[in-house]
Number of protein chains: 2
Amino acid sequence: MTASQPRPPKAILFDTFGTVVDWRTSLIDDLSAYAATRNITADWPALVDAWRANYAPSMDRVRKGEQPWTNLDDLHRATLDALIERMNIQSLTETDHDHINRGWHRLKPWPDAIPGLTRLKQKFTIAPLSNGNVALLLNMAKHAGVPWDMICAADLFQHYKPDPETYLGAAALLGLQPGEVMMAAAHNGDLHAARSCGLQTAFFPRVTEYGPLQSRDYTAEGPFTIVARDIEDLATQLGA
Amino acid sequence: MTASQPRPPKAILFDTFGTVVDWRTSLIDDLSAYAATRNITADWPALVDAWRANYAPSMDRVRKGEQPWTNLDDLHRATLDALIERMNIQSLTETDHDHINRGWHRLKPWPDAIPGLTRLKQKFTIAPLSNGNVALLLNMAKHAGVPWDMICAADLFQHYKPDPETYLGAAALLGLQPGEVMMAAAHNGDLHAARSCGLQTAFFPRVTEYGPLQSRDYTAEGPFTIVARDIEDLATQLGA
């Protein structure tokens, strides 16, 4: 650390989808394998990409008050049901829809995530700060072995990122000042919002997150506290 | 498990003060050692016992609406300040008061707690369900190495146990039905309240919790799902 940098944070909050887990590859693999057991064929990558494309718009309806508070599992499910109908995928039961929707609970971490988080946990409090709900993030952590100290999730604040209530609410729950908390993400927009709330920031890129549809977040676009290669490199830069 | 018992729970919530950590011995030791470094003498066991004696009454004022929501760190601090004045303990600074109050963040687990929880975590989601606030429980877990999956704390619900909002709120956050959750505690009253909300229950005694002032909770006084010797025995009975 150079003299111009702030004091090390006491807690690090991680964006989760894309930053800690590879949602796209995980969901395509999970869905393809499940569909094979049911002898159902469809363009699963197209479904997954369309599902994620509706992620921000569905939360924005809640953020703008056009829809009462709805957690991410329920937003995911509404989008999934609409897509299955629009893509005319036949013979999926209610049980199938539920199982597919819970694919978000079974996402797999990027290779550096568990080793990096395990190192950081020795020195810092680590938690997700995600638009997922507690149950989703908890099941994901149990499934993938993510060693979180606490789960900070949108349903605790009844707000979705980038609303300031999420960043400031998480710092308050942890009993810390915003400047004692670092937000880590592979997304510039998330970090700009966190920085506006006074949090420290760490960026590392996930250049294959959106597969062939990736169009941004190849590089840090702001005066972030730390720019790293991945979570292992973040641990190294923070002396963990 | 016999045929008459319910299906195993998916998550186990633990009362914390007294059930997982030995607050009385920890606080007396912590306070005595700290006071020795400051050359301040007082009847520290008496202070700790009086501090805890005001625990339920202070929360009851919040539960009855006589006082707006106040987290446990702040309730503890108000009681501590009053006791230091009443006991006429001299020359403690603001920093000292803050350090002493944070003794609750440094409580030590009973000997069976970490081994038992580590076993249970392999098979179940484990979390505290405590009247402590998130920051207190998180710092305690980091300090003592308690391997929680999530922190369920009173400030998430803005209610103190035994209000049903705590038991039902925790089950909802975990995405589970009340009957899929087990409340574990060394206190009959906590378990009666949890049972009224439909949770499974596990009792094990902590017969030295209150030292010479112990007057109850020597044994299970209700039709609880499981009665165990301690957390290791609970793990054994649940096949973990």
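The values are calculated or read from the model by the stated rules, or taken from the named source; none is laboratory data. The structure presented is a predicted model; accordingly, all values stated were derived computationally and were not measured. Reconstructed Cβ throughout: ideal geometry from the backbone, glycine too, with neighbour counts over all protein chains shown.
Only one residue in B:85, B:66 is acidic (Asp, Glu), modelled with pLDDT of 95 or more, in a loop (DSSP other than H, G, I, E, B) and exposed (fewer than 14 other Cβ atoms within 10 Å of the Cβ), so which one is that?
Values: B:85 fails: in a loop (DSSP other than H, G, I, E, B).
Within the list B:85, B:66, the selection yields B:66.
In segment A:198-229, what residues are on the phi > 0 side of the Ramachandran plot and crowded, with 19+ Cβ neighbours inside 10 Å? Residue satisfying the conditions is A:217 alone. If you check B:44, B:69 for being out of contact with any Phe, Trp or Tyr (no Cβ under 7 Å at 6 or more places or on another chain), of a type outside the set (D, E, K, R) and under 21 Å from residue B:15 (Cβ atoms), only one passes: B:69.
Tell me the residue from B:73, B:96, B:60, B:49 that is assigned to a helix (DSSP H, G or I) and over 23 Å from the mean Cα position of the chain (by Cα), please.
Working: B:73 fails: over 23 Å from the mean Cα position of the chain (by Cα); B:60 fails: over 23 Å from the mean Cα position of the chain (by Cα); B:49 fails: over 23 Å from the mean Cα position of the chain (by Cα).
Just one listed residue meets the conditions, B:96.
Being of a type in the set (Val, Ile, Thr), assigned to a helix (DSSP H, G or I) and at pLDDT 95 or above, is that true of even one residue in segment B:115-122? Yes, segment B:115-122 has at least one match.
Scanning segment A:222-239 for residues that are in contact with a helix residue (DSSP H, G or I) (Cβ under 6 Å, 6 or more places away or on another chain) and of a type in the set (Val, Ile, Thr) yields A:226, A:231.
The set of residues from segment A:158-180 being closer than 15 Å to residue A:59 by Cα and either part of a helix (DSSP H, G or I) or more than 12 Å from every other protein chain (Cβ to nearest Cβ) (or both) comprises A:159, A:160, A:161, A:162, A:163, A:164, A:165, A:166. Among the residues of segment B:138-148, those that are within 12 Å of chain A (Cβ to nearest Cβ) and either more than 11 Å from residue B:128 (Cα to Cα) or in contact (Cβ under 8 Å) with a residue 40 or more places away in the chain (or both) comprise B:139, B:140, B:142, B:143, B:145, B:146.
In this structure, residue B:155 does satisfy being acidic (Asp, Glu), more than 14 Å from residue B:225 (Cα to Cα) and within 9 Å of chain A (Cβ to nearest Cβ).
When you check residue B:135 against the structure, is it assigned to a helix (DSSP H, G or I), in contact (Cβ under 8 Å) with a residue 60 or more places away in the chain, within 14 Å of chain A (Cβ to nearest Cβ) and small (Gly, Ala, Ser), yes or no? In short, yes.
The set of residues in segment A:181-240 being of a type in the set (D, E, K, R) and in a helix (DSSP H, G or I) consists of A:190, A:195, A:232, A:233.
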